[in-house]
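Q: Would you mind keeping the following structure in view while I ask a few things?
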Amino acid sequence: MPVAAADGIQIGYTDSGGQGRTRGVQPRVPAGSLDVRRQVTALALQYRVIAWDQVGHGGTRATGLFTYWDSAADLLGLLDHLGAERAVLAGMSQGGFVSLRAALAAPGRVRALVLIDSEAGLGGRPPAPGYEQPHQAWLEHGPGPVKEVVASVILSPGRWDGWYARWNEQYAVDAGRPGAADLAVPGA
């Protein structure tokens, strides 16, 4: 996966290239850009498609605390790096939070927004108690003990062995970084 220096960090991304209008795809997390492979493949037949990994996910490592506004700045910085002046931003879940903030921060850069299973609230409210316990278990022990709960919330019922393998792989990488358990998105 290519990495771009943008907004002071190294951002993992994919770019289909081409001269068509740009579609920026912000996947939901914790999947990263692998989450949208099928969409990228289908859209790339007609458009230039850029999928990227938000800080703390996939190929983009977090170095400290960040907000969704910081991630929106990262997205705009990546578009600058890739020479994409305007784009349609499509985001699922937290990807929608980031896409919306990018549009608010730089409305002239965004042709349109596609928000999937997202919200437009200000955020910043504390996580529901039911979410905090699995989150803490994931940080301390990896996805194993809570993978089925997480999958039921963000993926829907089904067989998700491929997802579980990716989550285990990402956890193994992240667990080796000093302070990895201290990184979080503190609010919007």
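The values are calculated or read from the model by the stated rules, or taken from the named source; none is laboratory data. What you are looking at is a predicted structure, and each value in this text was computed from that prediction instead of being measured. Glycine gets a Cβ as well: all are built from the backbone with ideal geometry, and neighbour counts include every protein chain shown.
Q: With the requirement that a residue be in contact with a Ser or Thr (Cβ under 6 Å, 6 or more places away or on another chain), over 28 Å from residue 164 (Cα atoms) and of a type in the set (A, V, I, L, M, F, W, C), what does the range 37-87 give you?
A: 84, 87
Q: Please go through the range 89-144 and pick out each residue that is under 28 Å from residue 48 (Cβ atoms) and either among the basic types (Lys, Arg) or modelled with pLDDT under 75 (or both).
A: 101, 109, 111
Results for (1) crowded, with 19+ Cβ neighbours inside 10 Å; (2) in contact (Cβ under 8 Å) with a residue 12 or more places away in the chain; (3) over 12 Å from residue 106 (Cα atoms); (4) of a type in the set (Ser, Thr, Tyr), shown as yes or no for each residue.
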{"site": "50", "(1), (2), (3), (4)": "yes, yes, yes, no"}
{"site": "56", "(1), (2), (3), (4)": "yes, yes, yes, no"}
{"site": "64", "(1), (2), (3), (4)": "no, yes, yes, no"}
{"site": "69", "(1), (2), (3), (4)": "no, yes, no, no"}
{"site": "88", "(1), (2), (3), (4)": "no, yes, yes, no"}
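Q: Among the numbered criteria (1) at positive phi; (2) touching a residue at least 24 places away in the same chain (Cβ under 8 Å), which single criterion is violated by residue 115?
A: Among (1) at positive phi; (2) touching a residue at least 24 places away in the same chain (Cβ under 8 Å), the lone unmet condition for residue 115 is (1).
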